[in-house]
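These notes are about the structure you will find just below.
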Amino acid sequence: MNRLAAILLVCAAGCQGLDDNNAHWMSMDELSGMFTPEVGSGTRRAMAAGGTLRVVTYNIRDGGADPTEIAAAFRANGNLANADVVMLQEAVFYPGEGTTRISRLAQELDMGWIYAPARPDKDGTLGDAIISRYPLSDFAVMHLPIAPRKRQRIAVAATVSIGDQDVRLVTTHLDTSLNITDRVLQLRPAVIELPEVALVGGDFNTNPYAWQEGEVPLVPTSQIVDTDQAPALDDYMDSIGFSNPTAALGNTEVRYGIESRLDAVFVRGMTYGDRGIERDVTLSDHWPVWVDVKTLP
Amino acid sequence: MRAAAVVVCVALAAPVNAQPARDDGGEPAAKVEDRPNAIYVEALGKGGVWGVGYERHLAKWLGLGGVASFTMLDGQRMYSLTPYVLVYPLRSGSHGMFVDGGANLIRIDTPSPVPEWDGMSESGIGAELSAGYEYRGKLLFRFYVQAVAGKSGVAPWGGASIGWTL
């Protein structure tokens, strides 16, 4: 009987899903040490009421190109040059560089910023960031549920105001080889209790495959039955009131010649207008994805 | 994946020491016509991750079979059924090269892990074509490469089987 109990315990341990990690929003003063976010202010005042906010999400890959190069690419692109908020994933900080790359990018674009580390990377950190032309406030960071044998993922939140209306912004970068059930469970804590007017953007890694033990993509299965996680995550977010105006724009990332729709901007409590993917910006395996949003009168 | 590795290792080890299969009385290798049925388990292959198969030979060079599997993928339930026709372009004693082809039926149920979402289900039918090596005595071993085709395209795959002939 003791042997049977031991076998069952081992099986249960090996069969466990995400560790919910007590995921909850943490304010700035709850974060310390390596996880202390960096915040900086821009020079502009708040957006006037009725204004249109252009929000971009962009995975800059492994810390990204030099910040001046990214800034130049944004200024040279007619759509990105008008970006008001940019959500960035795979941002890095290495002490030898003196300042965070996000701070340098933000200052190049005359924006305020928050950079939140998710985990150690070499002698520094890797994480996510939000930069904005308009003042950001009410910063928070959440350590998302961790999948077995995977790395810590986070969500970063801030508020930007359009007139007297607050828009809650959240960016995140989810794990790669998760099945859709675990992907929903990893994202859920960051979106389930947001205010009515909210925008969630980032790299959701909604790849086209089902995965065996988070290691093997069932590529042949995906040829026969639809295992694409992007519409499934759209469906989940729709169940809590979010629309995805970027869904119909197509794939957002290319690697080894295979394109996938990994990135998205989900919107709730706002209207949306023009949107696009800037595929001529090739500083990363991802392309910048943007959408214009307005608060309801 | 560990189960798959075990099946592959066992199947790799056996033919190294294989003699033409003999029964307890030291009689010659079992003939297909004497043992036309086979049951086997697969790693990867027609079931995607694993499968259980049954096959019956209608002639020395021709067989019909099917592989079924059920796999849990972090709460998702994947069901697979692959009926197939198998032929032997080459055969010598217990060893042969085989080719098989058939339909691949898959259903994936995704129960919602959260109360606010309904979950979803998807089904599809495709085709598979496999070719490989077989050792067939009282025991059955196979290794093969496979092409799987469906509405989204074609992908390579492969598998290994171990079983018994009856």
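Cα-based radius of gyration for chain A, normalised by 2.2 N^0.38 Å, reads 1.01. Using only the Cα atoms of region A:166-297, build the gyration tensor, take square roots of its eigenvalues as a ≥ b ≥ c, and label the shape rounded, prolate or oblate: rounded if a/c is under 1.5, else prolate if a/b is larger than b/c, else oblate. Oblate, because a/c is 1.5 or more while a/b does not exceed b/c.
Qualifying trypsin sites (Lys or Arg not before Pro) in region B:58-166, where qualification requires a DSSP coil assignment and no more than 13 other C-beta atoms within 10 Å, comprise B:60, B:151. For the peptide A:238-249, the mean number of other protein chain Cβ atoms found within 10 angstrom of a residue's Cβ is 1. Region B:72-127 and region A:61-78 have Cα centres spaced 45 Å apart. DSSP finds beta bridges in chain A, and of those with both partners inside it, around 85 percent are antiparallel. Please name which of A:180, A:222, A:246 has its Cα lying farthest along the dipole of region A:144-297 towards the positive end, using unit charges on Cβ (Lys, Arg +1; Asp, Glu -1) and the Cα centre as origin. The one lying farthest along the dipole's positive direction is A:180. Put a plus charge on the Cβ of each Lys and Arg, a minus charge on the Cβ of each Asp and Glu, and nothing anywhere else: the dipole of region A:38-103 about its Cα centre is then about 360 debye.
Of the residues A:121, A:164, A:226, A:238, ranked by 1.4 Å probe accessible area with the largest first, the sequence reads A:164, A:238, A:226, A:121. Once the partner protein chains are put back, region B:69-87 shows a loss of at least 20 square angstrom of accessible area, versus the chain by itself, at B:73, B:74, B:76, B:78 (probe 1.4 Å, ligands and nucleic acids excluded). Using Cα pairs closer than 8 Å and at least 6 residues apart in sequence, work out the relative contact order for region A:106-212, in percent. Contact order relative to length: 21 percent. Oblate is the label for region A:19-76, because a/c, from the alpha-carbon gyration tensor with a ≥ b ≥ c as root eigenvalues, is 1.5 or above and a/b does not exceed b/c. If exposed GluC sites (Glu not before Pro) are those in a DSSP loop with at most 12 other Cβ within 10 Å, what is the longest stretch of chain A that has none? Counting only loop sites that pass the neighbour cut-off, the longest clear stretch is A:1-192. Helical runs assigned H by DSSP (4 residues or longer) give chain A a calculated mean residue ellipticity at 222 nm of -6000 deg cm²/dmol, each run adding -39500 (n - 2.57) before division by the residue total. The loop-placed chymotrypsin sites (Phe, Trp or Tyr not before Pro) in region A:13-89, going by DSSP, include none that has at most 11 neighbouring Cβ atoms within 10 Å of its Cβ. Other residues lying with their Cβ under 10 Å from the Cβ of residue A:117 contribute a combined charge of -2, Lys and Arg counting +1, Asp and Glu -1.
In a DSSP loop and with at most 14 other Cβ atoms within 10 Å, the chymotrypsin sites (Phe, Trp or Tyr not before Pro) in region A:202-297 are A:256.
Just how many pairs of Lys in the protein assembly as shown have C-alpha atoms closer than 18 Å, counting pairs that are eight or more places apart or on different chains? Summing the qualifying lysine pairs gives 5. Starting from the Cα gyration tensor of region A:37-148, take the square roots of the eigenvalues, sort them a ≥ b ≥ c, and report rounded, prolate or oblate (rounded when a/c is under 1.5, otherwise prolate if a/b is larger than b/c, else oblate). Cα axes put region A:37-148 in the prolate bin. Inter-part distance, region A:226-295 to region A:127-141, computed on C-alpha centroids, equals 20 Å. Here the dipole of chain A is about 120 debye; that uses its Cα centre as origin and unit charges on the Cβ of Lys and Arg (positive) and Asp and Glu (negative). Remark: region B:26-166 projects, on average over all directions, an area of 9.1 nm² (convex hull of Cα atoms).
The values are calculated or read from the model by the stated rules, or taken from the named source; none is laboratory data. This one's a predicted model, so the numbers in the text were calculated from it and none came from an experiment. Neighbour counts are summed over all protein chains in view; Cβ atoms, including those assigned to glycine, are modelled from backbone coordinates with ideal geometry. Surface areas here come from the heavy atoms of the whole protein model, side chains and all, with no ligands, DNA or RNA. Shrake-Rupley method; radii C 1.70, N 1.55, O 1.52, S 1.80 Å.
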